[in-house]
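The values are calculated or read from the model by the stated rules, or taken from the named source; none is laboratory data. Small disclaimer: the values here were computed from a predicted structure and weren't measured. Ideal geometry is used to build each Cβ from the backbone, glycine not excepted, and the neighbour counts take in all protein chains shown.
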Amino acid sequence: MPLLTVTIKEVLENLRDKCSLASALLGPALMPLFMIGMIHFSLEQNISKPEEKLSMHISGMHHASNLVQQLKQNNFQLLPIALEKKEI
């Protein structure tokens, strides 16, 4: 019985607090809209237009001539990487 009394008291106290009530109700209601907005924004930023040429840095292009040919056919601009020789 005392547990029920304490629970009812806490629920009534939380209902009187406008700030916690608003955050408890508006948070879950607005979260799907926020997530949809973030997904839409990230897709708009990350999806490139087909006519844009994407650049990619590649080391050892001479070892993968088929890959280089395929990337060039798919509108990639390939930039070689100059590797420094390691001293032993």
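Conditions (1) surrounded by 10 or more Cβ atoms within 10 Å (Cβ to Cβ); (2) within 30 Å of N74 (Cα to Cα); (3) within 29 Å of the chain's Cα centre (by Cα), marked per residue:
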| site | (1), (2), (3) |
| --- | --- |
| D17 | yes, no, no |
| L25 | yes, no, yes |
| L30 | yes, no, yes |
| I36 | yes, no, yes |
| I47 | no, yes, yes |
TODO: Determine if the stretch 37-44 includes at least one residue that is of a type in the set (V, I, T), outside the structural domain of A82 (by TED's automatic domain parsing) and without any contact (Cβ under 8 Å) to a residue 60 or more places away in the chain.
DONE: yes
